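Remarks on the structure that follows.
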Amino acid sequence: MPKSALKICVTCVGGILIYDFIKALRDADDYDVHVFGADSDPEAHGRLLCDSFDIVPRADRDPAGWLERMTGLIKTNAIDGVICLSDKEAKIAADNHPIWRDLGVETSVGPKRTAEVMTDKLHLLSALAEHGLDTGGFLPVHSTGEVRKAVEQLGYPGTRVVVKPRRESGSRGVLVCDASRGSFTHFLHNRLCGAGRLEQVIEIAREGGMTFEDCIAVPYWDGPVFDVECLVQGGKVVQTVARRRQLRNIYSPTSTGHIVDMQPSVVNYAHRMCEILGVERAADFDIVLRPDGKPAPFDASPRFSGSVGGGYYAGVNIISQLVRVMFGMPLASFTVRNGVPLRPFRTLTAIPEANADMLL
């Protein structure tokens, strides 16, 4: 049987771990792929790994421009499918699914309503709680005054409480109210993220332009954190890879280490989230195991995470499985190797000959 020949556009090819993603995408016996890369950075390092590359506007700053540019690229290059690797892009793709569907294009993203809920932490936790899933508690925050009330309701100063924006990712705006601290500590140098006493947190937020108008407060949970990738077809989870984080800085927006850990309670919790949220195709969940042994959700995305390629080295190519789901192809059979430790490394690799003159 001849292989399917597919043109697939992958967004955010400037991602730090994009090498693993594209390597896994190409590793398939049942399809050939022309990888069309897209990124807002003309120097995105992943462009060297792609067969074609083009520049698009940043989806978070110019969503209409991103959609217009992507639609033009789809038409001009006869692209068959689009895999979105950022929340903003995934939501735009879901919102405008009919436009691309009429062009015969498949995407990695599920229903519009699902993407809306998954990219808003308050809507996410509310939906889970309404269906009886234990989320560990949460409160909406719309002002500085509500911050004070919310953190106290959740146990501050006796316990730590996290305040964060509803619609951000990558630890942006994550502030830990911790009464035991003498001064505010910044966890990341390039974005607002840190811990301090409540009044210090409020002052640092004010200095950083964070107004608390659209935030959520949740308990701070000590415990192992898992990244769980789920692939869903027709409402059924057909592939899962769970990786426990092993990070020097737990707030790092990019993975510096995982170990594959198919913890049953965490995997079952993620599957229940898929069911409640109506997930289709790609999804990523951040889940913590609380001190009482119960899971609680940190975050969710209607896309795979930037470190999804880690599962490839543990025996599960969930990226090629996504392509099969997108195009209605028979699924391959993979068995996860539990306990595989994963670390990111820079490496020399062969690139398409057409890119031989491109430099990093």
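Per-structure values
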read-out: Selection within region 227-243 - charged (D, E, K, R) and under 15 Å from the mean Cα position of the chain (by Cα); value: 227, 229, 243
read-out: In region 283-301, residue farthest from residue 164 (Cα to Cα) [restricted to those that are surrounded by 24 or more Cβ atoms within 10 Å (Cβ to Cβ) and touching a Cys at 6+ places or on another chain (Cβ under 8 Å)]; value: 283
read-out: Count of region 139-167 residues which are open to solvent by 40 Å² or more (accessible area, probe 1.4 Å) and assigned to a helix (DSSP H, G or I); value: 6
read-out: Residues located in region 229-263, provided they are over 18 Å from residue 331 (Cβ atoms), open to solvent by 60 Å² or more (accessible area, probe 1.4 Å) and not in a loop (DSSP other than H, G, I, E, B); value: 244, 245
read-out: Residue, nearest to residue 36 (Cα to Cα), within region 61-97, restricted to residues that are charged (D, E, K, R) and in contact with a Phe, Trp or Tyr (Cβ under 9 Å, 6 or more places away or on another chain); value: 80
read-out: Pair list, Cβ under 8 Å, 6 or more apart: region 171-200 residue among the acidic types (Asp, Glu), other residue crowded, with 20+ Cβ neighbours inside 10 Å and in a strand (DSSP E or B); value: 178/195; 178/196
read-out: Near pairs, Cβ below 8 angstrom, 6+ apart or cross-chain, from region 8-22 (at positive phi and buried (at least 22 other Cβ atoms within 10 Å of the Cβ)) to any residue that is among the charged types (D, E, K, R) and modelled with pLDDT of 95 or more; value: 12/39; 12/89
read-out: Set 222, 214: member being touching a Leu at 6+ places or on another chain (Cβ under 9 Å), charged (D, E, K, R), under 30 Å from residue 156 (Cα atoms) and open to solvent by 30 Å² or more (accessible area, probe 1.4 Å); value: 214
read-out: Among residues of region 313-345, those that are assigned to a loop (DSSP other than H, G, I, E, B), within 21 Å of residue 49 (Cα to Cα) and in contact with a helix residue (DSSP H, G or I) (Cβ under 9 Å, 6 or more places away or on another chain), counted; value: 2
read-out: Count - residues of region 15-47 that are under 16 Å from residue 69 (Cβ atoms) and of a type outside the set (Ser, Thr, Tyr); value: 8
read-out: Hey, residue 106 touching a residue at least 60 places away in the same chain (Cβ under 8 Å), touching an Asp or Glu at 6+ places or on another chain (Cβ under 9 Å) and charged (D, E, K, R) or not; value: yes
read-out: Flag for residue 304 being in a loop (DSSP other than H, G, I, E, B), surrounded by 21 or more Cβ atoms within 10 Å (Cβ to Cβ) and touching a strand residue (DSSP E or B) at 6+ places or on another chain (Cβ under 6 Å); value: yes
read-out: Test result for residue 37, of a type outside the set (Phe, Trp, Tyr) and in contact with a Lys or Arg (Cβ under 6 Å, 6 or more places away or on another chain); value: yes
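Yes/no per residue for (1) buried (at least 19 other Cβ atoms within 10 Å of the Cβ); (2) at pLDDT below 95:
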residue: 172; (1), (2): no, yes
residue: 178; (1), (2): yes, no
residue: 182; (1), (2): no, yes
residue: 189; (1), (2): no, yes
residue: 195; (1), (2): yes, yes
residue: 200; (1), (2): yes, no
residue: 205; (1), (2): yes, yes
residue: 208; (1), (2): no, yes
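The values are calculated or read from the model by the stated rules, or taken from the named source; none is laboratory data. Predicted model only: the values in this text are computed from it and were never measured. As a convention, Cβ positions derive from the backbone with ideal geometry for all residues, glycine included, and neighbour counts pool all protein chains shown. Ligands, DNA and RNA are excluded from the accessible area calculation, which covers all protein heavy atoms including side chains. Shrake-Rupley method; radii C 1.70, N 1.55, O 1.52, S 1.80 Å.
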